[in-house]
Amino acid sequence: MSFIGKNIKKIRTVKNLSQAGFAQLFNLARPSVGAYEEGRSEPKMETVVQIARHFGVSIDLLLTKELTVNELYGFDLYKQELKNAPSLIKVAFTSLAPETVLVNAENIQEYIFHRNEKTFLEQLPVVHFPVTFKSIGRAFEHTGSEMQYRECGIFNGDLLLAELVEPSAYDALMPGLVYILVLQSSFLVRRLQEVTAEGKLKLKADNPDYGLSEIPFTEILEIWEVRGVFSTRLKAPTQLEDRLNMLEQTVMQLNNRLKALEQ
């Protein structure tokens with residue numbers, strides 16, 4: 001069962017969007033939005049991807065879980081696009097700070113296929129952070145909500161400062177640390193749980209809504225150890241978070257009581 005219809009309606013409510021306004025964002029017909037919300041049809045995967053990217057929600061969470069108001073409130077509260085905030089890069093700049101190649105969200109697929117090409121890497125933007133890397137350093141823009149929980153963790157749009165792990169050091173990967181895995185068609189940001197005897201990495205997300213992942217070394221193109229996080233996100237007031245949590249719990253309890261009375 002897909003939760004996409006319920007989540008679209010929840011997103012519209014939280015973002016104060018009409019069906020027409022939501023439709024305009026993704027070049028849809030207004031009746032189509034109503035059909036999605038009522039469960040009479042579902043959007044194409046291309047549209048699901050666009051919705052997920054626009055609101056900073058991972059696709060699997062959008063499809064497999066009914067999102068809470070508190071989660072949606074945190075996905076892009078005080079969201080600030082990096083391309084509209086060049087001053088943030090200046091803050092991190094010092095004359096002694098080395099250049100670090102930045103892989104933005106829109107460059108991820110290109111990076112997977114051209115990561116070893118000098119001309120491609122030279123075309124990518126750079127940032128300056130006072131961080132010294134023993135190996136090659138790289139900055140990656142994080143996407144998705146897998147590594148955030150209860151308004152803590154790594155948020156959509158954060159920059160991950162990472163150091164390349166050489167293949168000869170894979171057996172020394174440390175449980176508990178966060179790693180970026182460059183796979184055949186995607187990136188995966190997870191916390192390492194263990195390296196199995198079968199040559200697999202067992203990884204977990206900080207968000208408990210996501211299950212464990214097991215990735216064989218044979219499917220990994222690169223591994224980067226996250227050394228730091230640069231965030232542009234301002235934390236939501238704790239008092240409001242608590243009120244939202246209490247409200248949602250109350251609504252869930254009332255719904256359960258109503259269902260019990262109907263049986």
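Quick note: the coordinates plus some simple rules give every number you see, no bench work behind them. All values reported here derive from a predicted model rather than from experimental measurement. As a convention, Cβ positions derive from the backbone with ideal geometry for all residues, glycine included, and neighbour counts pool all protein chains shown.
Just a few scattered comments:
- Once the chain from residue 46 to residue 254 is taken as fully extended at 0.36 nm per residue, the excess over their C-alpha distance is 71.2 nm.
- Estimated dipole of region 82-230 in Debye, rounded to 20 [Cβ of Lys and Arg +1, of Asp and Glu -1, Cα centre]: 320
- Ascending count of other beta-carbon atoms within 10 Å, so fewest first, for 262, 99: 262, 99
- Here the dipole of region 1-72 is about 180 debye; that uses its Cα centre as origin and unit charges on the Cβ of Lys and Arg (positive) and Asp and Glu (negative).
- Residue 215/residue 2 FRET efficiency (R0 30 Å; Cβ-Cβ; nearest 0.05): 0.70
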